[in-house]
């Protein structure tokens, strides 16, 4: 059996931050973007929304309720909003690369121009735990409010600012190409080759059947960009 989750995806149990409202009065995660990885949400319980931004469609808010599913491509700025104890299963392409370096939080142009400031803000959860995670969220949303103001008042400036941010992230990720390629080669690419091999081998039988249960990480949840994370990555043969 191929290692990891089927088709080389990543799965994470996500509880969106609801400890206190952010600067805009909403309970939410950080606004952020991925450079190369698709992502999707399947809502387990609660209610909320996911706010999406891209240079083609602009801003839209998608309602989330139990059973909802929404997916979005890389380059889409997004933030998760909790209205009522929102819990989702986050489905990520590229073997969960979105949680392994392929992300940039929106802190505004000042932080994008100052690498030391950006890293200090990024590391707040590591420094002070949940309080730091919420402070990081607050710094993100304070800057995000300016982007929303541009959406309301100046669509051309909004598009330029969004494009600038996506380009900043793409340049930052370029040196990680080799590492990202290795993750994809060992994950989804290996699953694809195994599937093609099985198809090509018909009417031959597949390898010895196996089954694996994969549960969430033990211990306290991780302090993610959107909320409390429990990655599903502990395999057990069953």
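Nothing in this text is a laboratory measurement; each read-out follows from the coordinates by a stated rule. What you see is a predicted model; the values in this text were computed from it and never measured. Don't worry about glycine lacking a Cβ; one is built from the backbone with ideal geometry, like all the others, and counts go over all protein chains shown.
Overview of results
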quantity	calculated
Global form of the range 142-238, assessed from the alpha-carbon gyration tensor, a/c cut-off 1.5	prolate
Residue 135 paired with residue 222, simple spin-label distance in nm, labels 7 Å along Cα-to-beta-carbon	2.2
Percentage, to the nearest whole number, of Cα pairs in the range 44-132 over 23 Å apart	37
Rounded if a/c under 1.5, otherwise prolate or oblate - the range 71-190, Cα gyration tensor axes	rounded
For the chain, calculated [θ]222 nm from helices alone, where every DSSP H run of n ≥ 4 adds -39500 (n - 2.57)	-11500 deg cm²/dmol
Relative packing of 63-69, 161-167, 28-34, which averages over residues the other C-beta atoms within 10 Å, highest first	28-34, 161-167, 63-69
Projected label distance in nm at residue 127 and residue 114, using a 7 Å step from Cα toward the beta-carbon	1.2
Burial order of peptide ranges 196-209, 130-143 (average beta-carbon count within 10 Å, highest first)	130-143, 196-209
Helix 188-200 vs. the chain, principal-axis angle (Cα, 0 to 90°, nearest 10)	30
Relative contact order of the range 101-238, defined on C-alpha pairs under 8 angstrom at six or more residues apart (%)	21
Between the range 1-79 and the range 168-226, the Cα center-to-center distance that results, in Å	20
The chain, relative contact order [Cα under 8 Å, separation at least 6], %	30
At R0 = 25 Å, FRET efficiency that the Cβ-Cβ distance of residue 40 and residue 19 yields, to 0.05	0.50
Gyration tensor verdict on the range 12-51 (Cα atoms; rounded if a/c is under 1.5, prolate if a/b is larger than b/c, oblate otherwise)	oblate
